[in-house]
Structure formats: structure tokens, C-alpha cells
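J.: Take a look at the following structure, please.
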Amino acid sequence: MSSPKIFLFDFDGVIVDGMHEYWHTSLLACERYLNSPNISVDQKLYKRVPNSFKEIRPWVKYGWEMILIVHEIIKTENPLRNHNKDYFINNYYGNCQRILNDNSWIAEDLQKILDKSRKYQIDKDFKSWVNLHNPFFEVINFMKSLNKREIKTGVITTKGEIFAEKLLNELNIFPEFIFGYESGTKIEIAEKLTQTYEILGFIEDRKKTLINIKQNSETSHIPCFLADWGYLKESDRYNFNNEIKLLKLSNLEELVAI
Ligand SMILES: [Mg+2]
């Protein structure tokens, strides 16, 4: 018997634009749970997502990094602004580690307070939390059309599974599985999935993740698509190799013809 066919999707920046939610949730985590002496949270900050946050978002791999970025933006002394943004981005991972050390924070703890901030909003006012997200309806429709063709869909995200599931169910999407950060790295998950499924494609907006998939002998056969509508760095749009394709929302339906 042949293996069941499946299409894989990243969540943030691919199925849903959650920029407003990332800002809101990270700011709330800073205000309620971080106990940092270096910030004061003005309620006006919730109204608008600063450009500096939007511009740094393409570098984010895990949710906890967003708390750290928001903290840097709202610091009372020497905050992260346009003039020092490039310094921050040019050594993104080094700077994240330095800020963790300077504040004696542990990444896992920041991740916990991010999840706690999401849970707080969900318990308090689920609809308002859902409304902070903008789904990409072309992707939602594509997922539905795959299911009609008896092709399964799966979601691999660095978000907590429960949060992705709540949003997908609101959109009437019930994938075969959702794997969050709790389940390991995307490459580990993809490797395991190749043993059970014929993977027809993986749509993701983090180019490095796709490059890793292509460079791993167990997963290199998976067709990889970089979501042009997601959180891309400008440089991500150039220098394609390893058979990764830049995909536009308007070209999604062509993939069904595979
Ligand atoms: Mg993403």
C-alpha cells in the first residue's frame, strides 16, 4: 500500500498573520510577568505595533525572543529604535544571548510567560484574542481544497500546539496533526513524518529552516516553498538554491495540480 499523501504548513506568517498578537502578547507578558525594573508599560503602547518590532520579526525563530525584543523597544534607557536597529539585527543571536545574560533570564522561562500571557487573554476574552490575528484566506482555502482531494494537511510550528489548534479550529481547519515547539525541531519532525507519509510539499516563511530540510539526506526530497507573503528578510528573496521555490499566494492553487 502506498503512503498517505500530506502537505505541510508552518503556522505564523504562512497560515495566519499574527503581528498584532505577537506585539500585544509579548507586551502583556512584559507588563504582567517579567518584573523588569528597566521598563514601564504605558497602555498606549498596546494600540500600535512599532515598525522596529515589525522589522525585527523576520529574525525571530522562537516566541520567547519576541519578549526580549519588546523589552528592548520599551526600555526607559537606551531603547531599541531605528538608529540602533541594524546593530541589533546584524548580530541577532549574539544580542539575544547577551540580553538574556545581562538580565539573568532563561529562554525557557520567557517562553513560559509568553504562553501564560496567551492563556490569560484566551481565558479572559477568547474572541478578542482571535481577532488579533489575520488569516491568509488563500491558504485556508488551499488547505480545504487539499482535503477535498484526499490529501492530508499537517502543521509544524514553533508556537505552542494548543494556541495554533485553537486558531485553526476557529477557521474550520482540522489538520491531521499540529506539532509545536514541544515536539522538537522542525527537521526532527519532518524526518519522522517521512517514514509514514509521502510529503508533497512544505510551505514555510523561514528560509533557514527550508535550507536545513534540503541539506538533510532524510528530508532533502521534500519539495520546499518559501512563503512570499510571510515574515521575510529582504535578502531571503534572492539567491535561491537547493531547489527551494519562492511561492506567491496567487500561485497556491497551482500546487494542487501536482
Ligand atoms: Mg513562520
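J.: Against the condition among the β-branched types (Val, Ile, Thr), surrounded by fewer than 14 Cβ atoms within 10 Å (Cβ to Cβ) and not assigned by TED's automatic domain parsing to the domain that holds GLY230, how does THR76 come out, does it pass? Walk me through how you get there before you give the answer.
T.: On the way: among the β-branched types (Val, Ile, Thr): yes; surrounded by fewer than 14 Cβ atoms within 10 Å (Cβ to Cβ): yes; not assigned by TED's automatic domain parsing to the domain that holds GLY230: yes.
So THR76 passes the test.
J.: Within the group LEU146, LEU210, which residue is in contact with a Phe, Trp or Tyr (Cβ under 9 Å, 6 or more places away or on another chain), buried (at least 19 other Cβ atoms within 10 Å of the Cβ), within 24 Å of ALA257 (Cβ to Cβ) and free of Cβ contacts under 8 Å to residues at least 40 places away in the same chain?
T.: One residue alone meets the criteria, LEU210.
J.: Being in contact (Cβ under 8 Å) with a residue 40 or more places away in the chain and either of a type in the set (A, V, I, L, M, F, W, C) or within 30 Å of LEU252 (Cα to Cα) (or both) is true for just one of ILE89, ILE140, ILE56, ILE106. Which residue is that?
T.: On the way: ILE89 fails: in contact (Cβ under 8 Å) with a residue 40 or more places away in the chain; ILE56 fails: in contact (Cβ under 8 Å) with a residue 40 or more places away in the chain; ILE106 fails: in contact (Cβ under 8 Å) with a residue 40 or more places away in the chain.
Among ILE89, ILE140, ILE56, ILE106, only ILE140 is in contact (Cβ under 8 Å) with a residue 40 or more places away in the chain and either of a type in the set (A, V, I, L, M, F, W, C) or within 30 Å of LEU252 (Cα to Cα) (or both).
J.: While we're looking at this one, here's another question. Considering THR158, THR153, which residue is surrounded by 15 or more Cβ atoms within 10 Å (Cβ to Cβ), β-branched (Val, Ile, Thr) and at pLDDT below 95?
T.: THR158
J.: For the list (1) in contact with a Ser or Thr (Cβ under 8 Å, 6 or more places away or on another chain); (2) more than 16 Å from the ligand (Cβ to nearest atom); (3) without any contact (Cβ under 8 Å) to a residue 24 or more places away in the chain, I need the number of the one condition that THR196 fails.
T.: In the conditions (1) in contact with a Ser or Thr (Cβ under 8 Å, 6 or more places away or on another chain); (2) more than 16 Å from the ligand (Cβ to nearest atom); (3) without any contact (Cβ under 8 Å) to a residue 24 or more places away in the chain, THR196 misses (3) alone.
J.: For residues that are closer than 16 Å to ILE113 by Cα and not in a helix (DSSP H, G or I), scanning just segment 1-54, find the one that is farthest from the ligand (Cβ to nearest atom).
T.: For segment 1-54, the residue satisfying everything is ASN35.
The values are calculated or read from the model by the stated rules, or taken from the named source; none is laboratory data. Nothing here was measured: the structure is a model prediction, and the numbers come from that model. All Cβ positions, even for glycine, are placed from backbone atoms using ideal geometry, and neighbour counts span all protein chains on display.
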